[in-house]
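Here is the structure we will look at, set down as C-alpha cells.
Taken together, the values in this text are just the output of simple stated rules run on the coordinates, not laboratory data. Predicted, not measured: the structure shown is a model, and the values here were computed from it.
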Amino acid sequence: MSAVDVAVAPLPAPEQRGQTVIADRVVARLAARAVAELEQTGGAARQLIGVAIGRETGEGMARVSARIDGRLAMIEMRLSLTYPAPVRALTREVRRHVIERVTGLTGLEVRHVDIEVARLLRGRNR
C-alpha cells in the first residue's frame, strides 16, 4: 500500500473511531462562563460547611458543579443577582442561557440546572 492509498482509505464509522469524554469540571467551567456573559449576575463566596467564607460581593465567577452521566449533564450553581431584579425571570434566563451554551459547546444534553441565589446585591452596575 502506498502513501496515496492510505490517504484515500475511508474512515471507519464514527462510533468505531473512539469516544470523546468531557470532564465534569469542564462542563462546570463552561456553565460559569455562560453565567458571566449575562448582565445582572455575579459570583458567590465560597462556603465551608454551609457558611460563606469571605464577603458576598458578587465579584468573580458563579460557583458551579456539574455531573455527567453518559450524554446527560446535571448542573448546580450558586450566584448573586443585582437588586432590584425579577429573580424568577432572571434565573429562568440564566438557566436557558447555560443550557444553550453548554449544549452548543459540548453536545451534551443538559437535563437539569439547579440555581441557588446566594445574595441580592444592591446598586451594582456591570
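Tabulated values for the structure
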| item | result |
| --- | --- |
| Net lengthening on full extension, Leu72/His112 (0.36 nm per residue, minus Cα-Cα) | 13.5 nm |
| Gyration tensor (alpha-carbon) shape descriptor, segment 66-110, a/c threshold 1.5 | prolate |
